[in-house]
Every structure is written in structure tokens, then in C-alpha cells.
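Single-structure report; data block below.
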């Protein structure tokens, strides 16, 4: 059976955001943060890949979206009660 997913709170999201704010968002950073929050599913993409939903947290290099698992279908949500993971959406420089 898969690992149990813990409740995700705004405090958890803030702690994850603070950890990623200190990194370069590379694979080693994701490994380190995942090891600190083993019960939270953490996914990476670029912010321009997301066409719906609103971030629940934002930092200069990324936005964080919640992934909901309500009704057996994954979707972005702002409802912490159904959140089963987070997406770290990296912001691209428009240079």
C-alpha cells in the first residue's frame, strides 16, 4: 500500500515554500524537501504549464498550487481539506 498522505495546512505550505525559497529548484533540492515532508506529494512544473487554479503561496521564483484528490480525480484546488499534494510551479524569467 502507498504511503499515507498527511493533512496539508497553510503552515505546511509556508514551510515548504520557505525551504524552496533557499534553493535553485533543482533535483537535489526536491529530494531534500521531499525527505523533510515525506507525507506530502510534491510535484514540479513551470508556471506557464498551469492554465487553471490559483496559487496558495507565491515566492519570487515559484508559485505553489494545491492538488486535490476529491472524487478520485486529481485537480488543482484551494481547499486544504481535500489537498493531497502540492505543485511547485517555477516562474520563468521573461528576459
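Computed from the coordinates by the stated procedures, all read-outs in this text should not be read as laboratory data. Keep in mind it's a predicted model, so treat the numbers as computed, not measured.
Once you have the Cα-Cα distance between residue 11 and residue 74, take 0.36 nm times their residue separation minus that, and quote the gain in nm to one decimal. Don't skip to the end; give the middle numbers.
Numbers: separation 63, 0.36 × 63 = 22.68 nm, distance 2.22 nm.
Full extension from residue 11 to residue 74 adds 20.5 nm.
Out of every Cα pair in region 10-90, what percent are spaced more than 14 Å from each other?
Values: 1889 of 3240 pairs.
Above the 14 Å cut-off, region 10-90 has 58 percent of its Cα pairs.
Can you give the calculated 222 nm mean residue ellipticity of the chain, where each DSSP H run of n ≥ 4 adds -39,500 (n - 2.57) and the sum is split over every residue, rounded to the nearest 500 deg cm²/dmol? Can you show the working numbers first?
On the way: 2 runs with 22 residues, N = 95.
One gets -7000 deg cm²/dmol as the mean residue ellipticity at 222 nm.
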Response to the item:
Expressed in angstrom and rounded, the centroid-to-centroid distance over alpha carbons for region 26-48 and region 69-95 is 13
